[in-house]
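So the structure is just underneath, and the comments pick up after that.
The values are calculated or read from the model by the stated rules, or taken from the named source; none is laboratory data. All values derive from a computational prediction rather than experimental measurement. Cβ coordinates were reconstructed from backbone atoms using ideal geometry, including for glycine residues, and neighbour counts include every protein chain displayed. Remember, those area values only see protein heavy atoms, side chains included, never the ligands or the DNA or RNA. Shrake-Rupley method; radii C 1.70, N 1.55, O 1.52, S 1.80 Å.
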Amino acid sequence: LGEPSATICKRVEAARQTQRARFSGTELACNAEMRPAEVRKYCTLDETGSSLMKSAMNQLQLLARAYHRAGLFASTVRDFKRVQPLMEEAIRLARLAGDQQELANVEHALGGFFYNRGDFANARPHLEEVLATRHQLKTGYSLANALIILGMIIQMQHDFATARAHIAEGIAIFHEMG
């Protein structure tokens with residue numbers, strides 16, 4: 001997606017803090033260290049989820065290892081979902097402080113969060129905000145990157161003319177930069 005490393009690090013660190021809190025008092029530090037017993041303890045499924053998982057295990061002839069990996073993945077996704085309200089609060093604080101650069105960085109991270117989940121409708125307004133801020137700040141690489149990413153999202157929503165215009169503008173900025 002082209003998010004700045006610092007933004008990704010903030011999101012990962014917030015998820016890791018959630019995991020450290022969950023596992024305090026145990027020998028575990030993060031989701032990746034869970035063994036099958038911990039997956040059963042911390043990654044409980046409701047009746048629908050359990051039925052769906054059993055059906056998938058039978059129909060796809062999956063091994064118990066696949067069930068374990070699915071539990072690890074689900075737990076990590078849940079941790080990132082808990083981070084979303086924190087990101088929204090960071091956006092509010094950046095707006096109050098008038099810090100346009102931080103606003104663009106946090107909007108980019110939240111847009112990326114939705115994008116990575118395939119939720120393009122929610123990703124688009126955040127990335128449009130990034131684009132508007134980057135235009136104001138006249139940031140070359142970041143502006144071009146935002147244009148191209150937003151163009152890709154808009155293309156997935158079948159607005160091809162707007163997508164093409166955004167992507168072309170982003171490429172033009174890259175060419176100007178050399």
Sort out which residues of region 139-167 are without any contact (Cβ under 8 Å) to a residue 12 or more places away in the chain and hydrophobic (A, V, I, L, M, F, W, C), and write them in order of number. PHE160, ALA161
Could you please tell me which pairs satisfy a Cβ distance under 9 Å, a separation of 6+ or placement on different chains, a first residue in region 5-16 that is under 14 Å from GLU107 (Cα atoms), and a second residue that is of a type in the set (D, E, K, R) and open to solvent by less than 70 Å² (accessible area, probe 1.4 Å)? ARG11/GLU3
Looking at ILE148, ILE171, ILE154 in this structure, which one is in contact with a Gly (Cβ under 8 Å, 6 or more places away or on another chain) and not hydroxyl-bearing (Ser, Thr, Tyr)? ILE148
If we keep just the residues of region 153-164 that are open to solvent by less than 70 Å² (accessible area, probe 1.4 Å) and under 13 Å from GLY118 (Cα atoms), which is nearest to the chain's Cα centre (by Cα)? ILE153
Just give me the residues in region 23-32 being closer than 14 Å to ALA70 by Cα and either open to solvent by 60 Å² or more (accessible area, probe 1.4 Å) or at pLDDT 85 or above (or both), in sequence order. ALA32
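Among LEU72, LEU52, which is the only one that is modelled with pLDDT under 75, in a helix (DSSP H, G or I) and open to solvent by 40 Å² or more (accessible area, probe 1.4 Å)? Even if it seems obvious, please write down each step before you answer.
Values: LEU72 fails: open to solvent by 40 Å² or more (accessible area, probe 1.4 Å).
Every option except LEU52 fails the conditions.
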Given the structure, is ARG40 at pLDDT below 80, assigned to a helix (DSSP H, G or I) and under 14 Å from the mean Cα position of the chain (by Cα)? no
If we ask which residues in region 97-111 are assigned to a helix (DSSP H, G or I) and open to solvent by 40 Å² or more (accessible area, probe 1.4 Å), their number turns out to be 4
For PHE114, indicate whether it is out of contact with any Leu (no Cβ under 8 Å at 6 or more places or on another chain), open to solvent by less than 50 Å² (accessible area, probe 1.4 Å) and either at pLDDT 80 or above or not small (Gly, Ala, Ser) (or both). yes
Count of residues meeting criterion [over 18 Å from the mean Cα position of the chain (by Cα) and part of a loop (DSSP other than H, G, I, E, B)] in region 114-152: 2
